[in-house]
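Asker: One structure follows; several queries about it will come next.
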Amino acid sequence: MKKGFTLIELLVVITIIATLIGVASVSYSRATKSARDARRKTDL
């Protein structure tokens, strides 16, 4: 049996990782915006 990964397996893993990074970046952006808005309200 061959050792290693096929191209399809690597592409699937890369796609999953890219999706997770996209979701995480959106969540981080929302959290940053929410924190900034809360800070602005307290500064008033």
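The values are calculated or read from the model by the stated rules, or taken from the named source; none is laboratory data. Note that the coordinates shown come from a computational prediction; the quantities given were computed from them, not determined experimentally. Note that each Cβ is placed from the backbone with ideal geometry, even for glycine, and that neighbours are counted across all protein chains shown.
Asker: Answer yes or no as to whether Leu20 is modelled with pLDDT of 95 or more and among the aliphatic types (A, V, I, L, M). I'd like the intermediate steps shown before the answer.
Answerer: Working: modelled with pLDDT of 95 or more: yes; among the aliphatic types (A, V, I, L, M): yes.
Taking the combined requirement at face value, the residue satisfies it.
Asker: Can you pull out every residue in segment 1-26 that is of a type in the set (Ser, Thr, Tyr) and exposed (fewer than 10 other Cβ atoms within 10 Å of the Cβ)? Explain how you work it out, then say what you get.
Answerer: Within segment 1-26, the subset of a type in the set (Ser, Thr, Tyr) is 6, 15, 19, 25.
Thr6 - this is the single residue of segment 1-26 that is of a type in the set (Ser, Thr, Tyr) and exposed (fewer than 10 other Cβ atoms within 10 Å of the Cβ).
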